[in-house]
Amino acid sequence: MSSQQDKPLPIRKIIHVDQDAFFASVEQRDAPELKGKPVAVGGSSGRGVVAAASYEARVFGVRSAMPSVTALRRCPDLIFVRPRFEVYKAVSQQIRAIFLDYTDLVEPLSLDEAYLDVTANRLGLPSATATAEEIRARILDTTGLTASAGISYNKFLAKLASDMNKPNGQFVIPVKAGPRVVASLPVGKFHGIGPKTVERMEALGIRTGADLAAWSLPDLQRTFGKAGSWYHGIARAEDHRPVRPNRVRKSSGSETTFHHDLTDPEAIEERVLAMADDVWDWVEKTGQHGRTVTVKAKYADFRIVTRSRTLSAPVADRATLHATARSLIATLYPLRMGLRLVGVTMAGFGAGEGPSGQLDLL
């Protein structure tokens with residue numbers, strides 16, 4: 001007699017919705033003269049960075065996180081627009097409201113993408129595919145913006161699928177096709193595997209999902225550590241993570257790039273404290289207090305270093321965050337060269353019962 005635990009898990013119906021070039025599309029919607037033109041959201045001078053690029057700009061190789069000078073070199077006609085994050089947040093909330101008409105299981109990943117578990121089929125639509133089509137149509141009608149969607153039986157495949165028919169399209173990976181699709185893709189297409197890991201895998205002869213699936217679990221764990229188990233699963237199209245509507249935020253941070261490299265400790269500390277203030281403002285708004293404080297610095301040669309400290313209890317006040325950040329940045333002196341960026345991050349939320357007691361700064 002088989003036990004209750006032997007019963008197979010129900011097949012989920014997961015949709016990954018991804019807005020098409022979200023920030024840039026909002027700007028093109030609100031300024032019709034930008035439609036059909038290469039647009040980048042971000043700063044165009046000095047050390048500006050592209051936050052988002054329209055599809056017209058992407059044709060020239062312009063991508064998010066690219067230095068603006070590089071973007072302009074690739075596309076001399078690129079039009080830069082300053083970001084309007086409050087507008088993007090408002091549009092994102094409109095889209096979120098549409099999602100909630102179909103399911104309570106909505107897991108936002110950012111302003112422009114989210115997972116939806118529509119297994120329960122609240123509105124009685126014929127399929128998850130039809131649900132995705134209706135959601136995309138409503139987003140277009142409500143916001144004037146297009147979205148792409150991926151539909152599958154787990155989160156990993158749904159996110160893969162949403163990239164397969166962009167922009168303004170959708171793609172389905174059914175249960176029987178999952179392993180075959182994964183086997184045929186280069187590992188560089190797998191979200192969660194970054195460029196450095198791709199290089200390492202390719203050096204080991206792992207170029208496709210099929211190559212990755214040929215490795216045993218012990219070998220992957222021995223080579224890639226904790227990530228080995230994840231790689232072993234996705235190579236077989238397996239991902240048992242549920243859609244979590246109330247994902248716990250793992251960190252909150254703020255960083256800034258300077259117009260000129262800084263070498264003066266007083267000026268650097270001033271910027272670090274300003275970033276700490278940004279983080280603390282978020283803490284006060286959300287009521288979430290973390291225990292781990294990290295300071296990030298990028299040298300003029302683009303080398304990045306971080307310094308972290310985990311306290312014995314959650315950070316209780318702004319002064320404690322300031323003191324911790326100040327002591328961490330001080331460990332970098334004397335500087336080997338000027339700094340072009342600093343940042344402060346708080347993490348370790350939920351690690352304690354709340355801000356109380358004496359905090360250990362050592």
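The values are calculated or read from the model by the stated rules, or taken from the named source; none is laboratory data. Computed from a prediction, not measured in an experiment: that's the story for all the values here. Don't worry about glycine lacking a Cβ; one is built from the backbone with ideal geometry, like all the others, and counts go over all protein chains shown. Ligands, DNA and RNA are stripped out before the accessible areas are found, and what is left, the full protein with its side chains, is counted by its heavy atoms. Shrake-Rupley method; radii C 1.70, N 1.55, O 1.52, S 1.80 Å.
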Original post:
Considering only residues of the stretch 44-63 that are hydroxyl-bearing (S, T, Y) and over 30 Å from T103 (Cβ atoms), which is most open to solvent (accessible area, probe 1.4 Å)?
Top reply: S45
**OP:** May I ask you to list the residues in the stretch 57-94 that are touching a strand residue (DSSP E or B) at 6+ places or on another chain (Cβ under 7 Å) and not small (G, A, S)?
**Re:** V62, R63, M66, P67, L78, I79, F80, V81, P83
**OP:** Scan S312, S308 and give me the residue that is assigned to a loop (DSSP other than H, G, I, E, B), open to solvent by 60 Å² or more (accessible area, probe 1.4 Å) and of a type in the set (S, T, Y).
**Re:** S312
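Results for (1) closer than 18 Å to K13 by Cβ; (2) surrounded by 13 or more Cβ atoms within 10 Å (Cβ to Cβ); (3) at pLDDT below 95, shown as yes or no for each residue.
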| site | (1), (2), (3) |
| --- | --- |
| A120 | yes, no, yes |
| A128 | yes, yes, no |
| T146 | no, yes, no |
| I151 | yes, yes, no |
| K159 | yes, yes, no |
| S162 | yes, yes, no |
| A183 | no, yes, no |
**OP:** Could you figure out which of (1) in a loop (DSSP other than H, G, I, E, B); (2) open to solvent by 50 Å² or more (accessible area, probe 1.4 Å) isn't true of S229?
**Re:** (1)
Subject >> From the options R73, R84, residue that is open to solvent by 20 Å² or more (accessible area, probe 1.4 Å) and more than 21 Å from the chain's Cα centre (by Cα) >> reply: R73
Subject >> When residues of the stretch 165-188 are limited to those that are assigned to a helix (DSSP H, G or I) and in contact (Cβ under 8 Å) with a residue 24 or more places away in the chain, the one nearest to A213 (Cα to Cα) >> reply: A183
Original post:
Assuming R244 fulfils every condition listed in (1) outside any helix (DSSP H, G or I); (2) surrounded by 14 or more Cβ atoms within 10 Å (Cβ to Cβ); (3) in contact with an Asp or Glu (Cβ under 8 Å, 6 or more places away or on another chain) apart from one, which condition is it?
Top reply: (2)
Original post:
Has the stretch 262-280 got any residue that is closer than 15 Å to F349 by Cα, assigned to a strand (DSSP E or B) and open to solvent by less than 60 Å² (accessible area, probe 1.4 Å)?
Top reply: no
Original post:
Here are L328, L341: which of them is surrounded by 16 or more Cβ atoms within 10 Å (Cβ to Cβ) and modelled with pLDDT of 95 or more?
Top reply: L328
Original post:
Does any residue of the stretch 66-86 turn out to be in contact (Cβ under 8 Å) with a residue 12 or more places away in the chain, of a type in the set (F, W, Y) and closer than 25 Å to D163 by Cβ?
Top reply: no
Original post:
Picking from A235, A203, A213, A227, which residue would you name as being at pLDDT 95 or above, under 22 Å from the mean Cα position of the chain (by Cα) and not acidic (D, E)?
Top reply: A235
Original post:
Any residue in the stretch 22-43 that is free of Cβ contacts under 8 Å to residues at least 60 places away in the same chain, open to solvent by less than 20 Å² (accessible area, probe 1.4 Å) and of a type in the set (D, E, K, R)?
Top reply: yes
Original post:
Assuming A319 fulfils every condition listed in (1) open to solvent by 40 Å² or more (accessible area, probe 1.4 Å); (2) touching a residue at least 12 places away in the same chain (Cβ under 8 Å); (3) over 21 Å from K250 (Cβ atoms) apart from one, which condition is it?
Top reply: (2)
